[in-house]
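Scroll down for the structure; my scribbles are underneath it.
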Amino acid sequence: MTAAVPTIPTKAYLIGGGIASLSSAVYMIRHANMNPKDIEIFENLKVTGGSMDASGDHKKAYLMRGGRMFDQEAYTCLFDLLSEIPSIYNEGKSCKDDIFEFSVQIPTDAHARLIEEGCVKADASKLGVSLVDNARFGELLVMPENLIQGRGINDYFTDAFFESNFWYCMRSTFAFQPWHSLIEFKRYCLRFMHEVPKLFNLGGVWRSPFNQYDSVIKPTTMWLEERGVIFHFDTEVTSLDFQVTDAERSVYRIHMNKNGVPQTIDVAKTDLVFTTLGSLTAASSVGDMNTPPAPVEQTVAEMDPTWKLWNDISKRQPDFGRPEVFSRDMNASKFESFSVTCYNDTFMKRYIEWSGNQPGSGALVTFKHSKWGMSIVVPHQPHFANQPENVHVFWGYGLFPDEVGNFVKKPMRDCTGAEIMTEVLSMLQFDAEMSDILEHCT
């Protein structure tokens, strides 16, 4: 395509340093011929990536708040973006090439997708949805959204649906809860309908060679920085001033605190303002092997910069959505994740023997009977670009951190890293190796 050169001076201000702002900046440079030095990105953290984060080293241990699975069909926009970003690991390749070649080399074929009580591998290919719920599912896919506005998933399906293998696969893949939005559930089902035949082994899943920060965020950020895009870190945008007429609505001023100092930017009529609203990992706290993560109160969560800005915008411009629908009850949406760094190979050897999967080929392992709603992911090693060969990492999460564990008789939210690891190893029945693994992991 041929990009038009802007004929009038234009600056672009992007609020939030996650994948939405980074990709917007790339497209403005590549397809709108904007001068990169006229693009500014504001991020309240010290690093780009938002929820697509991963950090650490083998000395201090590795940390990631989440991981993402791709597929070839549904992520065309991401792959289009990454086709224009050079790989920082393979000369002459793009980041898209890295993902495609890696996913072909190490295909996903989970042999331990769902686990029953007693560490028994379930036959996840038997989805177990009743005729009644099958009929309701089909009806849902063609039902207009205005007819299900405000309804939860559990307002629509029978109780038996939430005991089916289909539900456990969907819940663990997309972090759904029964009370979550039925509309959102429908949208995900439509977007990933082609993956239903492969839910049992996640055979359609594609992955990046390293974690998504190293494989996606870091090279994209480097590409933008090399071209002169301006990044402002430790910068919280607090509000936007709007000018509204019968014909149009525009932002004319941005208010922010940069390193704690209040500042404003006047926005010209020809300028562009983009903002990311809300965050999957807002109000996070981090624990360690000996300390649980600090509790987060509802009032603190609502003061997270991403949600606070959306609240401010919606008060001024009500048609910008209702953030309280998503943020007013933290307990209905919170989850707890954990990152494990192993300094010997005891866990990995035992996991390979038990699961029948090499690291990176198995995707999610979900414990159906876990009171914490726990799943783990053992990725291909190394999972971090700076990870030594003799260090191994894996990741997991619990959807019900307020519940008491099956083996550790405490709510997950009150557990140390050692206690969470004890629950994981007990679920896997790695009792003989437990002391050795605990001694050599963090």
The chain: angle of helix 417-428 to the longest principal axis, Cα-based, in degrees nearest 10: 50
Prolate/oblate/rounded label for region 1-130 (Cα gyration tensor, a/c 1.5): prolate
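Just from its helices, what would the mean residue ellipticity at 222 nm be for the chain, if runs of 4 or more DSSP H residues each count -39500 (n - 2.57) and the sum is divided by every residue, rounded to the nearest 500 deg cm²/dmol?
After summing the helix terms and dividing by residue count, I get -8000 deg cm²/dmol.
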Long-range HN-HN contacts of G152 with modeled amide H, under 5 Å: L182
Fewest-first sequence of I254, I313 by Cβ atoms within 10 Å of each Cβ: I313, I254
Modelled FRET efficiency - R0 51 Å, M143 with H58, Cβ distances, 0.05 increments: 0.50
Region 1-127 - share of DSSP beta bridges that are antiparallel (%, nearest 5): 60
Rounded Å value of the spacing that divides the Cα centres of region 229-252 and region 315-349: 27
The chain: translational diffusion in µm²/s, Stokes-Einstein, Kirkwood Rh over Cα pairs, 10 °C, 1.306 mPa s: 67
Intensity falloff of region 333-439 expressed as log10 I(q)/I(0), Debye formula with alpha-carbon point scatterers, at q = 0.12, 0.13 Å⁻¹: -0.38, -0.45
Hypothetical label at K37: residues of region 218-238 whose amide nitrogen lies under 20 Å (7 Å Cα-Cβ projection): 222-233
Of all DSSP beta bridges in the chain, antiparallel share, percent nearest 5: 75
Relative packing of 379-386, 14-21, which averages over residues the other C-beta atoms within 10 Å, highest first: 14-21, 379-386
Listed residue pairs exceeding 28 Å between alpha carbons, taken from K126/K410; K96/K334; K126/K186; K59/K93: K126/K410; K96/K334; K59/K93
Model label zone, V244; criterion: amide N under 20 Å from point 7 Å along Cα-to-beta-carbon; scope region 300-334: 308-325
Zone residues, region 296-337, relative to N257, backbone N less than 17 Å from point 7 Å out along Cα-to-Cβ: 299-313
Residue order, fewest to most beta carbons within 10 Å, for E101, E84: E101, E84
Extension gain, E433 back to F326 (0.36 nm per residue minus Cα-Cα distance, nm): 34.3 nm
Residue-count net charge about I115 - beta-carbon cut-off 9 Å; Lys, Arg +1, Asp, Glu -1: +1
Projected label distance in nm at Q105 and R187, using a 7 Å step from Cα toward the beta-carbon: 3.6
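Give the order of K371, K59 when sorted by the count of other beta carbons within 10 angstrom, beginning with the fewest. Intermediate values should be presented prior to the final figure.
On the way: K371 16, K59 7.
Neighbour counts put them in this order, fewest first: K59, K371.
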Label-point separation, E116 to S285 (7 Å along Cα→Cβ), nm: 3.9
Gyration tensor (alpha-carbon) shape descriptor, region 126-198, a/c threshold 1.5: rounded
Net charge, Q387 excluded, C-beta distance under 12 Å - Lys, Arg +1, Asp, Glu -1: -2
Filtered GluC sites (Glu not before Pro), region 194-265: DSSP coil and at most 13 other beta carbons within 10 Å: E248
Taking the chain and dividing mean pair separation by its residue count, relative contact order in percent (alpha carbons under 8 Å, at least six apart): 20
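Read-outs throughout are calculated quantities, based only on the coordinates presented, and are distinct from any laboratory measurement. Because the structure is a prediction, the values reported are computed rather than measured. All Cβ positions, even for glycine, are placed from backbone atoms using ideal geometry, and neighbour counts span all protein chains on display.
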